[in-house]
Amino acid sequence: MPQGVVIRAYNGYHYVRTEASVFECKTRGKMKKQREKVYVGDYVEFEDLGQEKGIIEKILPRKTLLERPTIANISQVFLMFAVKDPDVNLKLLNRFLVLAEHSDIPIVICLNKVELAEEEANRIAEEYRAIGYTVLLLSAHEERNIDMLKAALADKITVFAGPSGVGKSSLLNLVEPTFELATGSVSEKIGRGKHTTRFAQLLPLSSGGYVVDTPGFSYTEFEMEETALASCFPEFRQYEQCRFSPCLHSHEPSCGVKEALDRGDIRQQRYQSYLEILAEIQEAKKKKY
Ligand SMILES: Nc1nc2c(ncn2[C@@H]2O[C@H](COP(=O)(O)OP(=O)(O)O)[C@@H](O)[C@H]2O)c(=O)[nH]1
Ligand SMILES: [Mg+2]
Ligand SMILES: [Zn+2]
């Protein structure tokens, strides 16, 4: 039976890409009964009905499942921000990072439009590299580091996440000119470009692998225990020698994280994000009971 990857789901159909072509598939009735849901990114086995139509019989074991948007088998998330226009939002970056850390998916931070604010770009890159993240400094307008971007995408399934207007589609069009993704402001986008990014879909790269140009993440809720949050801030880990265990690193005395903060070994802006997310988790917990 042929196998392929689901690159798009639309109107009850799943579009399954094989080496030869793309098949428009329904799922077998028994899968629905067993509540087996097929997601974009899933590798599947299907019955070939001819004329590029098919029926999905089986989902092959799933490695990961990202939520909102739901995509299976992601290898990495590229968190995309612009240094300027729109200004980089570190709070939002930190929130994305926490969610990606929590789901154990490798992250690469990308800063685009660096030609608009070189110093700021270098400063932010240094700060996050010190934590251990990979940071790519990019400019779609000046085509800077596009080769590096291409190399990082080859043979992987990569989700491009980040606010609207930071240059995700512009960069993807440089990586693969045939994508012809719509770019520009929201009003400029109407009627331009071949693809609009209303639905998550896998776009095949000629170097192998796929990218997902998401319409944006509705990253709002942090579904985790409050004690799990600190481990989503990698630079906290080495300082978690606190008097209390577990320690939330907020109001407790003799806290290793707060001492590191006072020494300047942990950045104030990162710790602020930590406290804000902690408060949100605690607030959500209260509502539950
Ligand atoms: N100055 C500058 N503008 C850019 C750069 N990359 C993209 N833009 C512009 O930013 C706007 C939004 O780009 P787009 O790719 O649609 O962003 P998306 O919403 O993240 O997909 C467009 O007007 C682009 O021309 C860059 O490197 N430098
Ligand atoms: Mg876009
Ligand atoms: Zn502590």
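For this structure, a couple of remarks:
- Pairs of lysine residues in the range 3-59 - Cα separation under 14 Å, sequence separation of 8 or more or cross-chain: 7
- The range 124-168: C-alpha gyration tensor shape, a/c 1.5 cut-off, then a/b vs b/c: rounded
- Net charge dipole, the chain: roughly 1120 debye, given to the nearest 20, about the Cα centre with Cβ charges of +1 for Lys and Arg and -1 for Asp and Glu.
- Close Lys-Lys pairs in the range 65-213, where close means Cα under 18 Å and separation is 8 or more or interchain: 8
- Rounded to 5, the percent of DSSP beta bridges in the chain classed as antiparallel: 50 percent
- Accessible-area rank, largest first, for Ser231, Ser21, Ser139: Ser231, Ser21, Ser139, with all protein chains present and a 1.4 angstrom probe.
- Reducing the range 227-289 and the range 10-33 to their Cα centroids gives an inter-centroid distance of 45 Å.
- Tensor-based shape of the chain (alpha-carbon gyration tensor, a/c under 1.5 rounded, otherwise prolate or oblate): oblate
- Furthest towards positive pole of dipole, Cys242, Leu65, Ala161, structure part the chain, Cβ charges: Leu65
- Surface calculation, 1.4 Å probe, protein heavy atoms: Thr64 sits at approximately 40 Å² accessible.
- For the chain, the per residue solvent-accessible surface stands at 53 Å², with DNA, RNA and ligands left out and a 1.4 Å probe.
- Listed residues His14, His102, His141, His251 arranged by accessible area, highest first, probe 1.4 Å: His141, His251, His102, His14
- Check: the range 3-59 dipole with +1 on Lys, Arg Cβ and -1 on Asp, Glu Cβ, in debye: 420 debye
- Helices in the chain, meaning DSSP H runs of at least 4 residues, each add -39500 (n - 2.57). Divided by all residues, the mean residue ellipticity at 222 nm is -8500 deg cm²/dmol.
- Integer Hz, Karplus 6.51/-1.76/1.60 couplings in order for the range 165-178, x for Gly and Pro: x, 8, x, 4, 5, 4, 5, 5, 5, 6, 5, 9, x, 5
- Residue among Met80, Ala228, Leu116 farthest towards the positive dipole end of the chain, charges placed on Cβ: Ala228
- Three-way shape call for the range 65-213 based on the alpha-carbon gyration tensor, with the a/c threshold at 1.5: rounded
The values are calculated or read from the model by the stated rules, or taken from the named source; none is laboratory data. No experiment lies behind these values; they were computed from the predicted model shown. Neighbour counts are summed over all protein chains in view; Cβ atoms, including those assigned to glycine, are modelled from backbone coordinates with ideal geometry. These area figures cover heavy atoms from the full protein model, side chains too; ligands, DNA and RNA do not enter into them. Shrake-Rupley method; radii C 1.70, N 1.55, O 1.52, S 1.80 Å.
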